[in-house]
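Asks: Below is a structure I'd like to ask you about.
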Amino acid sequence: MRFLVTGTAGFIGFHLARRLLADGHDVTGYDAVTDYYDVSLKRTRLALLGEHARFTPIEARLEDAETLTSALANAQADIVVHLAAQAGVRYSIEHPQSYVQSNLVGTANLLEALRQHPPRHLIFASTSSVYGGNTQMPFAETDAADQPVSLYAATKKAGEAMVHAHAHLWQLPSTCVRFFTVYGPWGRPDMALFKFVEAMLAGRPIDVYGHGKMQRDFSFVDDVVDALIRIGARPPVMGEKLPHDSLSGVAPFRSLNVAAGEPLELIDFMRAVERATGMSAQLNMLPVQPGDVVATQSDTRLLTELIGPMHHTQVEDGVGRFVEWYRGHYQK
């Protein structure tokens with residue numbers, strides 16, 4: 001099959017493209033390689049993907065509508081997975097325009113291009129952050145998601161709404177996948193696990209927000225990629241509603257949580273890092289930061305009904321694999 005994946009220099013996009021290529025698919029990767037974090041890490045990811053003859057890289061911004069439309073025309077993709085975005089809750093407080101341009105303008109450009117070159121299925125990467133002020137746990141796709149507490153979350157919720165409108169107007173099967181806390185090798189330097197390991201191995205104190213009591217539904221990246229591939233084979237069909245479905249009544253569209261549904265306190269995650277590194281952490285306990293939510297937990301019933309149980313790598317194993325990668329990549 002032919003895939004177009006936006007964000008292939010990014011964390012999840014890299015892992016997805018690598019898996020698709022290993023499975024024998026053709027992948028067109030679209031990425032701007034922005035300097036939000038270490039560009040050399042992104043370049044290394046792309047270099048690894050470039051070792052595959054079936055990988056076609058395109059370096060351009062989502063805001064470049066002409067290049068984006070041309071890429072879709074050439075790719076003739078069966079499935080489009082839109083992962084590229086300006087990420088990060090805290091960064092959105094200081095740099096709001098980058099979120100407006102990438103997440104709103106860029107997504108709108110992609111949707112307009114898809115009118116001319118529609119795939120069988122569009123998968124749009126959203127986030128558990130859209131649940132915002134919702135305090136009912138676990139988060140279900142049918143819960144209200146209209147109280148975002150960060151601009152990042154607001155742009156992702158707006159993206160979901162744009163995808164729904166496009167699915168309704170042009171009958172393009174579309175799934176908005178809401179990722180929870182994805183972690184693993186090749187992760188982003190702004191993510192908690194990367195910061196924890198980097199600081200610990202350097203002998204620095206580690207900032208732990210929410211005094212370690214915050215809970216996150218951690219998902220290992222390989223498990224997420226496996227779920228995405230299976231989701232790609234299940235485009236929404238109007239009228240074919242599952243028992244716990246979020247399927248729209250007016251469009252071939254659904255929102256879908258992608259996570260294991262097993263939350264863990266941040267302090268317990270930190271202890272897993274200690275065991276993986278064989279070191280004791282110096283913890284600097286801090287209050288919750290603006291824009292953060294105290295806890296996340298996925299309702300996994302719809303995901304299970306759609307593709308079967310999602311594999312759940314235990315945190316102990318997943319953190320160990322990250323530490324092994326980090327040491328090999330940065331401590332050569």
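The values are calculated or read from the model by the stated rules, or taken from the named source; none is laboratory data. Keep in mind that this is a model prediction, so the values were computed, not measured. Cβ sites come from the backbone with ideal geometry, for glycine too, and all protein chains shown count toward neighbours. To get the accessible areas, we keep the full protein, side chains included, count just its heavy atoms, and leave off ligands, DNA and RNA. Shrake-Rupley method; radii C 1.70, N 1.55, O 1.52, S 1.80 Å.
Asks: If one computes the Cα centroid of the stretch 259-332 and of the stretch 75-102, what distance in Å separates the two points?
Replies: The stretch 259-332 and the stretch 75-102 have Cα centres spaced 23 Å from each other.
Asks: Rounded, prolate or oblate for the stretch 120-273? Axes are the square roots of the Cα gyration tensor eigenvalues, ordered a ≥ b ≥ c, and the cut-off for rounded is a/c under 1.5. Walk me through the numbers on the way to the answer.
Replies: Working: a/c = 2.34, a/b = 1.99, b/c = 1.18.
In terms of gyration-tensor shape, prolate.
Asks: To the nearest 10 degrees, how steep is helix 106-116 against the longest Cα principal axis of the chain, on a 0 to 90 scale?
Replies: For 106-116 against the chain, the angle is about 30 degrees.
Asks: Could you give the accessible area per residue of the chain, probe 1.4 Å, as a whole number in Å²?
Replies: Heavy-atom accessible area per residue stands at 41 Å².
Asks: Students often forget the sequence filter, so: which aspartates and glutamates lie under 13 Å Cα-Cα from residue 156 once same-chain residues fewer than 8 apart are removed?
Replies: Filter leaves 146.
Asks: Roughly how many whole Å is it from the C-alpha centroid of the stretch 195-250 to that of the stretch 139-161?
Replies: Rounded to whole Å, the Cα centres lie 15 Å apart.
Asks: Turning to a different aspect of this structure: Give me a comma-separated list of calculated 3J(HN,Hα) values for the stretch 147-162, in order, Karplus coefficients 6.51, -1.76, 1.60 applied at θ = phi - 60°, integers in Hz, x for any Gly or Pro.
Replies: Coupling constants for the stretch 147-162: 10, x, 10, 8, 5, 3, 4, 5, 5, 6, 5, 5, x, 4, 5, 5 Hz.
Asks: OK, next. Classify the stretch 177-226 from the C-alpha gyration tensor, please: rounded if a/c falls under 1.5, else prolate or oblate depending on whether a/b exceeds b/c.
Replies: Details: a/c = 3.12, a/b = 1.49, b/c = 2.10.
Oblate, because a/c is 1.5 or more while a/b does not exceed b/c.
Asks: Also, I was wondering about something else. May I ask you to derive the FRET efficiency for residue 285 and residue 242 from their Cβ-Cβ distance with R0 = 56 Å, giving the value to the nearest 0.05? Intermediate results must be reported in sequence, preceding the final value.
Replies: Numbers: r = 42 Å, r/R0 = 0.76.
Plugging the Cβ-Cβ distance into 1/(1 + (r/R0)^6) gives 0.85.
Asks: Further, regarding this structure: Specify whether the C-alpha gyration tensor of the stretch 29-170 places it in the rounded, prolate or oblate class, a ≥ b ≥ c being the square roots of the eigenvalues: rounded for a/c under 1.5, otherwise prolate if a/b is larger than b/c and oblate if not.
Replies: Details: a/c = 1.88, a/b = 1.33, b/c = 1.42.
Oblate shape, in that a/c is at least 1.5 and b/c is the bigger or equal ratio.
Asks: Add -39500 (n - 2.57) for each DSSP H run of 4 or more in the chain, then divide by its residues: what number comes out at 222 nm, to the nearest 500 deg cm²/dmol? Please list the in-between numbers first.
Replies: Numbers: 12 runs with 130 residues, N = 332.
Calculated from helices alone, the mean residue ellipticity at 222 nm is -12000 deg cm²/dmol.
Asks: For the stretch 189-321, just the Cα set please: Rg and Dmax, both in angstrom.
Replies: 17.9, 57
Asks: Another question, then. What FRET efficiency do you get for residue 171 and residue 95 if R0 is 35 Å and r is their Cβ-Cβ distance, rounded to the nearest 0.05?
Replies: Numbers: r = 36 Å, r/R0 = 1.03.
The pair residue 171/residue 95 has a calculated efficiency of 0.45.
Asks: Charges at C-beta only: +1 for Lys and Arg, -1 for Asp and Glu. How large is the resulting dipole of the chain about its Cα centre, in Debye rounded to 20? Spell out each step's value before the answer.
Replies: Details: 29 positive and 36 negative charges, 64 e Å.
About 300 debye.
Asks: Going down the list 42/213; 157/241; 213/241, which pairs span over 28 Å between their C-alpha atoms? If you can, show how the numbers build up before the last one.
Replies: Values: 42/213 32 Å; 157/241 22 Å; 213/241 37 Å.
Long pairs (Cα-Cα over 28 Å): 42/213; 213/241.
Asks: Evaluate E = 1/(1 + (r/R0)^6) for residue 304 and residue 268, where r is the Cβ-Cβ distance and R0 equals 25 Å; express this FRET efficiency to the nearest 0.05. Walk me through the numbers before you get to the answer.
Replies: Numbers: r = 25 Å, r/R0 = 0.99.
FRET efficiency, residue 304 to residue 268: 0.50.
Asks: On a 0 to 90° scale, report how tilted helix 192-201 is relative to the longest principal axis of the chain, with both axes built from alpha carbons and the result rounded to the nearest 10.
Replies: Between the helix axis and the principal axis of the chain, the angle is about 30 degrees.
Asks: Show the residues, 5+ positions off or on another chain, whose built amide H is closer than 5 Å to the amide H of residue 283.
Replies: 206
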